[in-house]
């Protein structure tokens with residue numbers, strides 16, 4: 001499933017990722033989402049994440065702002081089929 005995120009929301013995500021701290025001990029997460037950063041059709045980079053924990057270049061990071069946690073909640077909600 002693919003979702004496109006732009007504008008102010010994307011700026012919040014970029015700030016949250018760049019301000020995150022590296023975890024000294026890995027938590028063994030199995031990530032639910034891959035967030036790919038693009039400029040036009042070019043992929044600049046990507047991270048795998050679930051909740052407020054994300055992986056990048058064999059390290060794990062924690063987003064203290066909870067921006068990624070909120071994104072995870074929103075994506076999970078949007079990915080669920082409509083209940084009737």
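Throughout, read-outs are computed from the coordinates displayed, never taken from laboratory work. Owing to the predicted nature of the structure, the values given are computational and were not obtained by experimental measurement. Please note: Cβ atoms are built from the backbone with ideal geometry, for glycine as well, and neighbour counts cover all protein chains shown.
Things to note:
- The residues of the range 64-81 that are in a loop (DSSP other than H, G, I, E, B) and farther than 20 Å from residue 21 by Cβ, listed by number, are 80, 81.
- Test: residue in the range 42-65 that is exposed (fewer than 14 other Cβ atoms within 10 Å of the Cβ), out of contact with any helix residue (DSSP H, G or I) (no Cβ under 6 Å at 6 or more places or on another chain) and touching a residue at least 40 places away in the same chain (Cβ under 8 Å): yes
- Note on the range 4-63: residues that are part of a helix (DSSP H, G or I) and within 9 Å of the chain's Cα centre (by Cα) total 2.
- Residue in the range 11-28 that is surrounded by 13 or more Cβ atoms within 10 Å (Cβ to Cβ) and without any contact (Cβ under 8 Å) to a residue 12 or more places away in the chain present: no
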